[in-house]
Each structure stands twice: as C-alpha cells, then as structure tokens.
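Quick one: the structure is below, and I'll ask about it shortly.
Each value in this text was obtained by applying a stated rule to the coordinates, not by laboratory testing. These figures come from a predicted structure and were not determined experimentally. Backbone-built Cβ (ideal geometry, glycine too); neighbour counts: all protein chains shown.
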Amino acid sequence: MCAGAKSHARDKETDTRVASGRPERAGHITYMEAAERLVDNGFAPLPIVPGQKRPAPKRWSSIALSPDRIADWTHRYPDHGVGLRTGHLVGLDIDEMDPDRAHEIAQLAGKRLCETLVRVGQWPKRLLLYRTAAPFAKMKAGKVEVLGAGQQFVAFGLHSMTRRPYAWPTENGGAKVGHGSGGMSLLRAA
C-alpha cells in the first residue's frame, strides 16, 4: 500500500478483473509534444484531427509553416495527432492488405531506392519515407501511392480503423523520425 493511503475493504479482496480495451489517445505522441522538434529536424508538422487522417487547419497544403503558425497550432491543437506535409518529404504509401504482396513491394522499394523509415498504421499496409531535392506531384500505380507536393500523412496519432497508435518499427525497436532527418533517404524526381 502507498504511504499515506487509507485501507479499504476492497484492498483485501483478490481482484480477478483484467483491464480490457485502451484509453482514447493513450500512448501516442501529440502535436504539442512533437511539432517544434519536428520543425527543428526539417519536417513540416500539421495537427491531425484525433482519430482521423485529416489536418485540423484549413488550407494546410498551401499555408506557410512559420514559427508563429506552429506556436499558434500548438496552443490551439495540443492533443491532436501529428501529420507531416509532403513535398521534399515523400511518402511511398503501400495500401496492400495481402502481407506477401505488401512485403514484396516494400522489398522492391528498398532495393531500387534504399532502406528507409517505415510507418505502420494497419498492418500489412505501410508507408516508406524518402526525401527529394525537387518536389513533384502525387503518383499512383495500383495499390501504391507516392505522396508528393500538396499531400500529407499521419505520423503520430491513432489510426482511424484500428484505434491504435501509428508505429515506426526499426531494427532496434525505436522510432527515428523525431530524431532528425539524417536517416532519411534521398529520392530524386525523374
């Protein structure tokens, strides 16, 4: 028992209940926690409506992300998820539910481009991150979409279908995306 806590009859009973479910917004990084650090690391963070995939602000694709704007959004949307605007940052979005096919696509991207950061919302779907010197428009081929200029993706928050936090699996189990862009790959526009 904790120091200073009062003893209750129920404390002496054996509690056989188990916790089920997960509290809303438990375990994900919020806009307030990540925005400034992401800007410092060269990313363009957007506040994402909780449990959705869309940014909260209007005109998010064209508005300048100044330090004052980020501070304002941090104040207005502190508990929102975090999206990253694409342009120089490119997301290769593998929207394939067949695990073998999704793996093949990711392996091909790794061989043709290079190994990179992976974001997972609903496995086996995944998003691979790259950088480009020259931003380009969105491209799509089958179940693969290349998120280019004027797009965004959710980096941190709760996935709209699974209600679980987005994950950034790495070999050592930690996320690199918030720790700088040095590990990012460079993708050149054709």
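With θ set to phi - 60°, apply the Karplus curve 6.51 cos²θ - 1.76 cosθ + 1.60 along the range 106-116 and write out the HN-Hα couplings as whole Hz, x wherever there is a Gly or Pro.
5, 5, 4, 4, x, 6, 6, 9, 3, 5, 8
Right, something else. Mind ranking 146-157, 31-42, 108-119 by how tightly packed they are, going by the mean number of other C-beta atoms within 10 angstrom, highest first?
Details: 146-157: 21.7, 31-42: 17.7, 108-119: 15.5.
Ranked by mean Cβ neighbours within 10 Å, highest first: 146-157, 31-42, 108-119.
Tally Lys and Arg at +1 and Asp and Glu at -1 over the other residues with C-beta under 13 Å from the C-beta of GLN107: what net charge comes out?
That sum, taken over residues with Cβ under 13 Å, equals 0.
With the crude spin-label approximation of a point 7 Å out along Cα→Cβ, what separation in nm comes out for GLU33 versus SER160?
Taking the simple label geometry, GLU33 and SER160 are separated by 2.3 nm.
So, R0 is 25 Å and r is the distance between the beta-carbons of ALA167 and ARG112; what FRET efficiency does that work out to, to 0.05?
FRET efficiency, ALA167 to ARG112: 0.55.
Figure the gain on full extension for ARG69 and PHE136 (residue separation times 0.36 nm, minus the Cα-Cα span) and round it to one decimal in nm. Let's see the in-between values first.
On the way: separation 67, 0.36 × 67 = 24.12 nm, distance 2.47 nm.
Between ARG69 and PHE136, full extension yields an extra 21.7 nm.
Checking the a/c ratio against 1.5 first, then a/b against b/c, what shape does the Cα gyration tensor give for the range 31-186?
Verdict is prolate for the range 31-186.
Express in nm, to one decimal, how much length is gained between ASP98 and LYS58 on full extension, taking 0.36 nm for each residue of separation and deducting their alpha carbon distance.
Going from the current span to full extension adds 10.9 nm.
Could I ask something else about it? Please compute the net charge surrounding VAL39, taking Lys and Arg as +1 and Asp and Glu as -1 over other residues with Cβ under 14 Å from its Cβ.
-2
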